[in-house]
1. Which residues, counting only those in the stretch 7-24, are aliphatic (A, V, I, L, M) and without any contact (Cβ under 8 Å) to a residue 60 or more places away in the chain?
2. Filter the stretch 72-114 for residues that are exposed (fewer than 12 other Cβ atoms within 10 Å of the Cβ), among the hydrophobic types (A, V, I, L, M, F, W, C) and modelled with pLDDT under 95 and give the result.
3. In this structure, is R97 charged (D, E, K, R) and either under 17 Å from the mean Cα position of the chain (by Cα) or not in a strand (DSSP E or B) (or both)?
Amino acid sequence: MAAVLSRLEQAEARLAIMDLEAEYARAWDAGDAAGWAAVFTEDGVFDLAAVGAGPRLVHKGRQELVAFCTQVDAFYKGLHFMHLPRLQIEGDTAQGRVHFQWQGLFNTSAQYFGQRTVVGYYDVSYQRVHGRWLMKHRLEKAVSGQTTEHYDVYQQAALSSLSAAQPA
């Protein structure tokens with residue numbers, strides 16, 4: 001009976017962590033900064049690995065996490081496509097790797113539209129706190145990314161000034 005209970009606890013932990021990963025993506029994609037920060041422990045860390053010439057970014061604690069999510073949401077909107085996590089669970093802690101694709105759109109203006117695709121993985125440390133699984137540390141490692149930008153070449157102001165300069 002002890003073996004069955006142990007397997008049941010492992011299965012419940014695995015499902016709870018999968019739900020946590022789903023909530024991570026939902027909250028980020030919805031711009032729900034408080035909800036996104038709530039998937040982390042109080043002192044949780046979101047660690048964005050350096051990519052190309054870009055610096056490593058580390059945000060620690062829910063207040064910093066809320067501010068980071070809010071800042072990015074003002075610039076991008078997007079959707080995560082998350083793969084199932086590969087998990088190693090030991091009691092009240094777990095380690096996992098989750099592969100992802102993120103498709104984002106820049107907030108547009110009359111003269112600009114852009115989109116970005118990123119693929120990579122997360123290495124995550126989870127901790128069970130008061131019976132609830134949370135993220136203690138999450139490292140995002142982008143492996144590939146592509147940005148496409150579109151500009152309004154024919155702005156109305158430019159057309160008006162050209163037609164005014166043309167002889168009749």
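The values are calculated or read from the model by the stated rules, or taken from the named source; none is laboratory data. Note that the structure is predicted; figures quoted are calculated from it, not measured. Here the Cβ is made from the backbone with ideal geometry for all residues, glycine too, and neighbour counts use every protein chain on show.
1. L8, A11, L15
2. Those that are exposed (fewer than 12 other Cβ atoms within 10 Å of the Cβ), among the hydrophobic types (A, V, I, L, M, F, W, C) and modelled with pLDDT under 95: A74, F75, A110.
3. yes
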